[in-house]
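Here the structure comes first, spelled out in structure tokens, and everything after it is commentary.
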Amino acid sequence: MKKTFLFLAAVILLAACHDKVQNKYMSCIPVYTDYETFRQPAPFLAPQAITKEGNIYIKDQYLFVVEPDAGIHFIDNSNPSSPANLGFLNLIGCTGMSIKDNRLYANSFIDLVVFDISSITAPVEVARLKDLFPQAVPVIEMEKNYPVAAIDKNLGVVTSWKYEQVKEEVNSVPFWNNCPMCLDNITVTSFESQNSTSSGTGTAGSMARFTIINNFLYVMDYGQLKPIDISNPLVPVAATPIDTWRQVETLFPHNDYIFMGTTSGMLIYNTVNPAAPQYVSSVNHTTACDPVVVQDNYCYVTIRTGTTCMGELNQLDVIDISDITNPTVVKSFQMTNPHGLGIDGSTLFICDGTDGLKVFNAADPTTCGDNLIKRFKDIEATDVIPYNNTAIVIGEDGIRQYDYSDLENLQLLSSFNF
């Protein structure tokens, strides 16, 4: 009996000597900026080259192009045939924006920042809501499918990543205790709709997560809709966030409703109480990405594959919303890989990925997908704003503007590449 005990003890001791292994793997390591430095007013710089596609926004004669995580390009578009780059608002962590009157609202990673743009080439920060988006971190490069190292907010704001090999000594049993892909989830917030609701607001593309209805700014932050009272833009007040129970990607305002494109369908909320929007109805589909635009009694929704949203559909859905409590898909049309879209009167624009920009006659919404007017294949289009007979289109390689005042003779007005 004594020999048996000694043998077991030796086995246990031997195992203990070999229960450590060195684990090596690539990881996303946070790079911090201290809070004081991070919250210094954003400088307005000389015109910069646009190097990456982001949200587009038009207000009066000015076009704004968000360069994700970097800032906002200001462009004088009074002559779409010859747009003039005015300068660059170097707002770190910016991925979305909206404008009402002379106030520009944009995110800067964890904060919401308000700028006075009365002087278009000299924007001035006038207010800041700190920590409104506490989970926001820089977008991680899609090809860097690495685990994210733990974030210590005491060190400051995560403003970039570095990708490094990590070595650590871990217990070999059980292995899942140190699985590098089993780290706590980090939310990579990317705020990204063609929307215009009052004379004082501008118009965004269909991929936006910022929108304004009357005196409230609404921002989609991961699984929450965040209403902000901007009746006094110098003192914006955040209301209680609304859990949307779906992964919302885009916001589009129509009258007093918010139409939300999600990975599993479209949601409709009312703003009877602007500080607390309420669910009205929804349309479901299989998992896919789906920006939304609305005109009169119809919604137009594109659904596509090839994204983090997964899914197997590439199509345009036309939805009858004459009964807002019971939206109904009346027709679906096959597409190549549709992204953003826009509607102006009887003209529907769809950014169909590698198939370019497609222009349809939507006089009858239920047959619009069968009535192709024109296809422009020289741009891998991702979003569009139809505005004053000019279609402003952004893609992976640049921005194009097209005159659609004569649908029988659509003309390219200008282009510049990234």
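Listed by first and then second residue, the pairs linking a residue in segment 224-244 that is on the phi > 0 side of the Ramachandran plot to a residue that is modelled with pLDDT under 95 and assigned to a strand (DSSP E or B), with Cβ atoms under 7 Å apart and 6 or more places separating them unless they lie on different chains, form an empty list.
Would segment 122-134 turn up any residue that is among the small types (Gly, Ala, Ser) and touching an Asp or Glu at 6+ places or on another chain (Cβ under 8 Å)? Before you say what the answer is, go through the steps one by one.
Step one: list which residues in segment 122-134 are among the small types (Gly, Ala, Ser), which gives 122, 127.
Now restrict to residues that are touching an Asp or Glu at 6+ places or on another chain (Cβ under 8 Å): none.
Within segment 122-134 (the criterion being among the small types (Gly, Ala, Ser) and touching an Asp or Glu at 6+ places or on another chain (Cβ under 8 Å)), the answer is no, since none of the residues qualifies.
Of all residues in segment 54-86, those satisfying the criterion of being surrounded by fewer than 20 Cβ atoms within 10 Å (Cβ to Cβ) and assigned to a loop (DSSP other than H, G, I, E, B) are ASP60, GLN61, PRO68, SER78, ASN79, PRO80, SER81, SER82.
In this structure, is ASN177 part of a helix (DSSP H, G or I) and either small (Gly, Ala, Ser) or at pLDDT 85 or above (or both)? Even if it seems obvious, please write down each step before you answer.
Numbers: part of a helix (DSSP H, G or I): yes; either small (Gly, Ala, Ser) or at pLDDT 85 or above (or both): no.
Taking the combined requirement at face value, the residue does not satisfy it.
In segment 87-95, the condition of being among the small types (Gly, Ala, Ser), surrounded by 12 or more Cβ atoms within 10 Å (Cβ to Cβ), outside the structural domain of ILE399 (by TED's automatic domain parsing) and not in a strand (DSSP E or B) is met by at least one residue.
What number of residues within segment 311-353 are more than 17 Å from THR390 (Cα to Cα), of a type in the set (Val, Ile, Thr) and either out of contact with any strand residue (DSSP E or B) (no Cβ under 9 Å at 6 or more places or on another chain) or assigned to a strand (DSSP E or B) (or both)? Before the answer, list the steps.
To start, the set of residues in segment 311-353 that are more than 17 Å from THR390 (Cα to Cα) comprises 311-339, 352-353.
Then keep just the ones that are of a type in the set (Val, Ile, Thr); that gives 318-319, 321, 324-325, 328-330, 336.
Pick out the ones that are also either out of contact with any strand residue (DSSP E or B) (no Cβ under 9 Å at 6 or more places or on another chain) or assigned to a strand (DSSP E or B) (or both) and you get 318-319, 328-330.
Final tally of qualifying residues: 5.
Looking across segment 254-266, the residues that are crowded, with 24+ Cβ neighbours inside 10 Å and either farther than 12 Å from VAL283 by Cβ or of a type in the set (A, V, I, L, M, F, W, C) (or both) come down to ILE258, PHE259, MET260, MET266.
Are any residues in segment 147-163 among the small types (Gly, Ala, Ser), over 21 Å from ALA70 (Cβ atoms) and either in contact with a Cys (Cβ under 8 Å, 6 or more places away or on another chain) or not in a loop (DSSP other than H, G, I, E, B) (or both), and if so, which ones? The one that is among the small types (Gly, Ala, Ser), over 21 Å from ALA70 (Cβ atoms) and either in contact with a Cys (Cβ under 8 Å, 6 or more places away or on another chain) or not in a loop (DSSP other than H, G, I, E, B) (or both): ALA149. Among the residues making up segment 300-317, those that are hydrophobic (A, V, I, L, M, F, W, C) and either crowded, with 22+ Cβ neighbours inside 10 Å or at pLDDT 90 or above (or both) are VAL301, ILE303, LEU316. Just one of the numbered conditions (1) of a type in the set (A, V, I, L, M); (2) surrounded by fewer than 16 Cβ atoms within 10 Å (Cβ to Cβ); (3) touching a helix residue (DSSP H, G or I) at 6+ places or on another chain (Cβ under 6 Å) is not true of ALA363: (3).
The values are calculated or read from the model by the stated rules, or taken from the named source; none is laboratory data. From a predicted model like this one, the values you see are computed outputs, not experimental measurements. Using ideal geometry, Cβ is built from the backbone for each residue, glycine included, and neighbour counts are taken over all protein chains shown.
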